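Student: Here it is: the structure, laid out below.
The values are calculated or read from the model by the stated rules, or taken from the named source; none is laboratory data. Since we're looking at a predicted model, the values are computed, not measured. Counting neighbours? That spans all protein chains shown, and the Cβs are built from the backbone with ideal geometry, glycine included. Side chains are part of the model used for accessible areas, which takes the heavy atoms of the whole protein and leaves out ligands, DNA and RNA. Shrake-Rupley method; radii C 1.70, N 1.55, O 1.52, S 1.80 Å.
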Amino acid sequence: MLDLAFETPKPKVIAGAKADWELVIGLEVHAQVASKAKLFSGASTEFGGEPNSNVAFVDAAMPGMLPVINEFCVEQAVRTGLGLKAQINLRSAFDRKNYFYPDLPQGYQISQLYHPIVGEGEVIVDMGPGPNGKTTARRVRIERIHLEQDAGKSIHDLDPTMSFVDLNRTGVALMEIVSRPDIRGPEEAAAYVAKLRQIMRYLGTCDGNMQNGNLRADVNISVCRPGDHEKYQATGDHSVLGTRCEIKNMNSLRFIQAAIEYEARRQIAIVEDGGKIEQETRLYDPDKGETRSMRSKEEAHDYRYFPCPDLLPLEVEQEWVDGIAAAMPELPDAKKARFVTQYGMTDYDAGVLTAEVENAAFFEAVAQGRDGKQAANWVINELFGRLNKEGLGIAESPVGAGQLGGVLDLIASGEISGKMAKDLFELLWTTEQGADPAAVAAKHGMKQVTDTGAIEAAVDAVIAANPAQVEKARANPKLAGWFVGQVLKATGGKANPAAVNDLVARKLGL
């Protein structure tokens, strides 16, 4: 696991015209629950269907239709809470959050305000090595996770005089993960969302697809004077943190960072000019690189929350929670630490391999029974490099884990050299997809010459033909590599490089 004696990174300081300022950031991350059915109906959650094709009567708020809780969605929320080391509340309750939009047929959203399913937890956000080489990481406290239903989608660009509504998303289960205002910079905010996404993908509770809107964040930003955040930590007094503004529906890590940078400087300019920050909801315009006002920020009383009369309090048994905990998969931090220990790789390589759960599984399939460092090198440099170049995901790789493992077996047995292995990988990627590596190597004559007699004859021939080079190499042993290259060239690259090196050194008396 990550060393809990990590060094906390410094907050980002922005120099205003009159003073220095620090950022204070809290996030509300909306994660779509990975479930085939919606939170209160059996309608499909499949993305990309025809408009209004995945809508049950309860989603459309037909008279007399009552919600029925989806137990699997509750289980997914509990699993997420356990993954964030959070308190699981055995008793929770649903509330009505009243507001009207055309894409919310009920006129209210069923959510959890007063009694959420998950209480306080934490996320450790690794920010990499600090100036002294020690790991820097931010501990971000989770305030709560609550379940709620999503709204639909209003469409305004299909007709010049009318708007349309697609209710396919209406009623889809969301987990709203609310952090404390512990994040101190735009890079940390993006890293925090990325870490949440990674954990939930490992757990299988959210697919993390930000392009489809399955993971999006509302970013709360304020600015304060240096030292004021420490006052808040000591006293719990939010007033010292400044007035916050919320940027809604951010679905890009890059845009999250850009929006925070712009909004922080906007607020600093207002305060230093003697103005006052109005608490409001804003939107980020990526084309202009700026935020703009959307509406004044609502408070809980504006939504007129009250307990949902259609749903009883949700009560779960500790034994049920314990069963979920017992079946939890290995999480990213634990897997990363194990890779470093078990396979002897660097912390950086372990981070690359465990960034996505599918990548980690692929690597372990390649490394099973083989040299872990070599497997990591091939997966990261050859496989990931080629996938990135061609814009492919691990599931689309033409070379499977078994095939790549087969290539490493041929190297280990001495049948092929490292250069031959790269040529073999190319064939497996292009013209020999799905084929057995050993068979492909044999078919293309990729067999390393290990016969010392044949190699010695080639070495003798090169030495005899280059007496001047022999004298230079004996005077400067570093030049012996020239002979090795000539022998490999003469044998078509098939001679065992280690055997060539030994013979050249012995023949030259080095």
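Student: Which residue pairs have Cβ atoms closer than 7 Å, lie 6 or more positions apart in sequence or on different chains, and pair a first residue in the stretch 351-380 that is open to solvent by 50 Å² or more (accessible area, probe 1.4 Å) with a second residue that is in a loop (DSSP other than H, G, I, E, B)?
Tutor: Short answer, once both residue conditions are applied: LYS373/GLY344; LYS373/MET345.
Student: All but one of (1) open to solvent by 10 Å² or more (accessible area, probe 1.4 Å); (2) at pLDDT below 95; (3) not in a helix (DSSP H, G or I) hold for ILE416; which doesn't?
Tutor: The failed condition is (1).
Student: I would also like to ask the following. Residue pairs, Cβ under 8 Å, 6 or more apart or interchain, first in the stretch 85-100 and basic (Lys, Arg) and in a loop (DSSP other than H, G, I, E, B), second modelled with pLDDT of 95 or more and buried (at least 20 other Cβ atoms within 10 Å of the Cβ). List them.
Tutor: LYS85/GLY121
Student: Now for a different question. Go through the residues of the stretch 244-261 one by one and say whether even a single one is of a type in the set (Asp, Glu), in contact (Cβ under 8 Å) with a residue 40 or more places away in the chain, in contact with a strand residue (DSSP E or B) (Cβ under 7 Å, 6 or more places away or on another chain) and not in a helix (DSSP H, G or I).
Tutor: Yes - at least one qualifying residue is present in the stretch 244-261.
Student: Further, regarding this structure: Pull up the stretch 321-344, narrow it to residues that are open to solvent by 70 Å² or more (accessible area, probe 1.4 Å) and under 14 Å from LEU82 (Cα atoms), then point me to the one that is nearest to the chain's Cα centre (by Cα).
Tutor: Out of the qualifying residues, it is ALA327.
Student: Could you check, for the stretch 432-443, whether at least one of its residues is basic (Lys, Arg) and either within 20 Å of GLY402 (Cα to Cα) or touching a residue at least 40 places away in the same chain (Cβ under 8 Å) (or both)?
Tutor: Restricting attention to the stretch 432-443, the residues satisfying the condition of being basic (Lys, Arg) are 443.
So of that shortlist, the ones also either within 20 Å of GLY402 (Cα to Cα) or touching a residue at least 40 places away in the same chain (Cβ under 8 Å) (or both) come out as 443.
Scanning the stretch 432-443 turns up at least one residue that is basic (Lys, Arg) and either within 20 Å of GLY402 (Cα to Cα) or touching a residue at least 40 places away in the same chain (Cβ under 8 Å) (or both).
Listed here are the residues, each with its yes/no results for (1) open to solvent by less than 20 Å² (accessible area, probe 1.4 Å); (2) in contact (Cβ under 8 Å) with a residue 12 or more places away in the chain.
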site: MET210; (1), (2): no, yes
site: ASN214; (1), (2): yes, yes
site: THR235; (1), (2): no, no
site: VAL240; (1), (2): no, yes
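Student: What's the number of the only condition in (1) free of Cβ contacts under 8 Å to residues at least 40 places away in the same chain; (2) within 26 Å of the chain's Cα centre (by Cα) that GLY121 fails to meet?
Tutor: (1)
For (1) within 22 Å of THR291 (Cα to Cα); (2) among the aromatic types (Phe, Trp, Tyr); (3) under 31 Å from the mean Cα position of the chain (by Cα), each residue gets a yes or a no:
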| site | (1), (2), (3) |
| --- | --- |
| GLN211 | yes, no, yes |
| ARG216 | yes, no, yes |
| ASN220 | yes, no, yes |
| ARG225 | no, no, no |
| ASP228 | no, no, no |
| GLN233 | no, no, yes |
| HIS238 | no, no, yes |
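Student: Being open to solvent by 40 Å² or more (accessible area, probe 1.4 Å), at pLDDT 95 or above and more than 27 Å from GLY81 (Cβ to Cβ): is that true of GLN279 here?
Tutor: Working: open to solvent by 40 Å² or more (accessible area, probe 1.4 Å): yes; at pLDDT 95 or above: no; more than 27 Å from GLY81 (Cβ to Cβ): yes.
Criteria not met by GLN279.
Student: Just for helices (runs of 4 or more DSSP H) wholly inside the stretch 304-366: which have at least 1 residues that are touching a Phe, Trp or Tyr at 6+ places or on another chain (Cβ under 9 Å)?
Tutor: Passing ranges, in order: 332-343, 347-354.
Student: Residues to consider are VAL165, VAL219, VAL193, VAL223; find the one that is open to solvent by 20 Å² or more (accessible area, probe 1.4 Å) and modelled with pLDDT of 90 or more.
Tutor: Criteria check complete, one pass: VAL165.
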